[in-house]
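Okay, structure first, notes after.
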Amino acid sequence: MNKKWLIGNWKMHGNLASNKALIEGIRAELGQPDERVALVVCPAFPYLFQLAELTRDSGIEVGVQNVSDHLQGAYTGETSPLMVKELGGSFTIIGHSERRQYQGENDGLMGRKALAAIDAGLIPVICVGETAEERDSGRTHEVLARQLDAAFGYIRTAHDKIILAYEPRWAIGTGIAATPEIVQTEHEFLRQRIAIRDKDFAAKLPIIYGGSVKVSNATSIFSMPDVDGGLIGSAALNAREFITIYRELLNSTPAEAA
Ligand code: PGA
């Protein structure tokens, strides 16, 4: 049984005072973390070091929301995954749909960023997902396959520390999550697509869901067999909600998972 993952994407929210209050709230609600579910928070870049300090020895891990596809060099305004690692980050979200939508990121860049993250010792959380228009025109699997194949044009199944996130764009920040049935169908599709390359890797690959996960829908989504956790946006900004979602995930995880 695979370990589960709950990752909070704080997006471009927070400041020194509110971050401190949020993480203290999360720690108080959490108590002793359970090793069956890894808990990760991804603040905005300038607060990485603050969060690394505030989560020291807490069992909570820290990540970022984006990295450069280069490790070093003349890339004004970019942040190397090596810098993230040095400042205490262990994860990075890659190819989030808000970056595709607002920053013009494409499939190839996503693959290169994932590889740079792995080279620096970070765990990439690779996001794939279709738009409403792509779903309505019956192209969901075509789009997911294209995004997945582009990423695996750079990374290899030999890279064992990778997380895949299914994040349909129409469900992100809209309050309307995908139904558990849709989530299961797409996670199964993604796992089967990867199994063509490497069956063992596919069986072990954590595939998490993101898009309007909240307390009211977490249990039904997490009960699906191919769901290994969640990538949480707005509900991750409320300590009680975030940890209630964590407990729902824990409750859906068999005792032997680790
Ligand atoms: P949401 O965001 O939970 O606010 O929909 C999820 C995400 O962007 O990862």
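The values are calculated or read from the model by the stated rules, or taken from the named source; none is laboratory data. Note that the coordinates shown come from a computational prediction; the quantities given were computed from them, not determined experimentally. Note: ideal-geometry Cβ built from the backbone for every residue, glycine included; neighbour counts use all protein chains shown. Quick note on the areas: whole protein, heavy atoms, side chains included, nothing else; ligands and nucleic acids left out. Shrake-Rupley method; radii C 1.70, N 1.55, O 1.52, S 1.80 Å.
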Sorted peptide list for 166-175, 111-120, criterion being average Cβ within 10 angstrom, highest first
111-120, 166-175
Percent accessible area from carbon and sulfur atoms, segment 134-246, protein chains only, probe 1.4 Å
51 percent
For Ser220 and Gln103 in the same chain, what is the full-extension length gain: residue separation times 0.36 nm, less their Cα-Cα distance, in nm?
38.8 nm
Remind me, relative contact order of the chain in percent, using alpha carbon pairs under 8 angstrom and six or more residues apart?
23 percent
Go ahead and estimate [θ] at 222 nm for the chain from helices alone: -39,500 (n - 2.57) per DSSP H run with n ≥ 4, summed, over the residue count, rounded to 500.
-12000 deg cm²/dmol
Projected onto the charge dipole of segment 4-251 (unit charges on the beta-carbon of Lys, Arg, Asp and Glu, signs +1, +1, -1, -1), the Cα from Ala171, Gly59, Val215 with the largest positive-side position is that of Gly59
Measuring with a 1.4 Å probe in the full set of protein chains, what accessible area per residue, in whole Å², belongs to segment 4-251?
44 Å²
What shape does segment 117-258 take by its C-alpha gyration tensor, where a ≥ b ≥ c are the square roots of the eigenvalues and a/c under 1.5 counts as rounded, a/b above b/c as prolate, and the rest as oblate?
oblate
Which number gives the lysine pairs in segment 4-251 that have C-alpha atoms under 25 Å apart and are eight or more places apart or on different chains?
21
Heavy atoms only, probe 1.4 angstrom, no DNA, RNA or ligands counted: give me Lys199, Lys20 ranked by accessible area, highest first.
Lys199, Lys20
